[in-house]
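Working notes, beginning with the structure itself.
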Amino acid sequence: MSATTTLDPPSPLTSVLRTNPVTPPRRVTRALGNRSEVALVPGGPHTAPLVTSLLEAMSPEARRMRFFQAMPRVSEQMVRRMCAADHDTYQQWLALVDGDAVGEVSVARVDGAPGQGEVALAVRDDWHRRGLGRLLLEVAGVLATNRGMPTLTCEVQTENRASASLFTSMGFRFHFADGCLSGHGPSPLWTGEPEAAGMLRRLADAARVDAVRSGAVLAPAA
Ligand SMILES: CC(C)(COP(=O)(O)OP(=O)(O)OC[C@H]1O[C@@H](n2cnc3c(N)ncnc32)[C@H](O)[C@@H]1OP(=O)(O)O)[C@@H](O)C(=O)NCCC(=O)NCCS
């Protein structure tokens with residue numbers, strides 16, 4: 001089972017689960033190409049400095065691809081919005097290496113479309129083409145299905161070949177709408193150990209409880 005997954009992964013990622021020795025675990029880690037260990041953590045207001053550093057380390061062009069607008073400077077307001085995760089209608093997670101954010105992914109429920117979420121992501125420029133985008137989409141798949149969203153949509157700018165290729169390789173299909181590529185596909189499957197997916201779900205649920213307790217979001221209706 002997990003040994004097979006580790007030895008014969010369907011992606012370039014070698015998937016290895018190691019839970020943080022601290023109890024309770026606060027992150028899930030996965031080895032990326034046998035060289036680096038990526039920690040996956042839920043985002044929130046406390047991760048704003050990490051998100052700021054990530055966005056500042058991205059090229060203006062990569063930021064434009066992510067946010068659909070020119071962003072010569074990173075705005076505090078944008079970071080605040082990204083970090084306002086209630087971990088239900090809007091989930092946001094980070095990929096960390098040695099404590100620095102190297103990628104982020106978000107899943108937002110689509111209003112009026114039950115079972116559908118919209119996914120968006122970014123990987124720091126110096127981390128491109130190492131399988132991190134694929135890993136973050138697998139994380140999005142776990143988060144989405146955990147909240148009852150078997151289908152994901154995405155918006156990609158027509159010139160964004162990297163993103164269109166990534167999503168297509170994960171089973172998304174695109175059509176042209178309103179000046180951009182509109183994609184949809186099944187929430188990506190997790191190719192790592194099932195235990196790691198279970199841990200992601202538990203962390204996501206704990207992050208939801210934290211968000212409600214902190215008063216950052218309204219408690220769900222009973
Ligand atoms: C799109 C993005 C997230 C891809 O991240 P990444 O970590 O480089 O992607 P991966 O290494 O996981 O690539 C997985 C697959 O995607 C495709 N892909 C990724 N980058 C590509 C590129 N520059 N050209 C063509 N295909 C590409 C390939 O099929 C690749 O598989 P391969 O490396 O085995 O050939 C990254 O380029 C990025 O952050 N861009 C700026 C922000 C953005 O565009 N966000 C998406 C808007 S929602």
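Brief remarks follow.
- Considering the range 103-120, the residues that are surrounded by fewer than 24 Cβ atoms within 10 Å (Cβ to Cβ) and among the hydrophobic types (A, V, I, L, M, F, W, C) include one that is nearest to the ligand (Cβ to nearest atom), namely Ala120.
- Verdict on Val142 being crowded, with 24+ Cβ neighbours inside 10 Å, at pLDDT 95 or above and out of contact with any Phe, Trp or Tyr (no Cβ under 7 Å at 6 or more places or on another chain): no
- Qualifying residue in the range 128-140 (condition: part of a helix (DSSP H, G or I), near the ligand (Cβ under 7 Å from one of its atoms), among the charged types (D, E, K, R) and out of contact with any His (no Cβ under 6 Å at 6 or more places or on another chain)): yes
- Among the residues of the range 82-97, those that are in contact (Cβ under 8 Å) with a residue 24 or more places away in the chain and part of a loop (DSSP other than H, G, I, E, B) comprise Ala84, Ala85, Asp86, His87, Asp88.
- Tally of residues being among the acidic types (Asp, Glu) and either part of a strand (DSSP E or B) or under 18 Å from Leu203 (Cβ atoms) (or both) across the range 25-65: 1
- Conditions (1) within 22 Å of Val51 (Cα to Cα); (2) surrounded by 20 or more Cβ atoms within 10 Å (Cβ to Cβ); number of the one not met by Asp210: (2)
- Subset tally (residues that are of a type outside the set (Asp, Glu) and touching a Pro at 6+ places or on another chain (Cβ under 9 Å)) for the range 80-100: 9
- Qualifying residue in the range 174-188 (condition: crowded, with 16+ Cβ neighbours inside 10 Å, more than 12 Å from the ligand (Cβ to nearest atom) and among the hydroxyl-bearing types (Ser, Thr, Tyr)): yes
The values are calculated or read from the model by the stated rules, or taken from the named source; none is laboratory data. Just so you know, these numbers come straight off a predicted model, no measurement behind them. Glycine also receives a Cβ, built like all others from the backbone with ideal geometry; neighbour counts cover every protein chain displayed.
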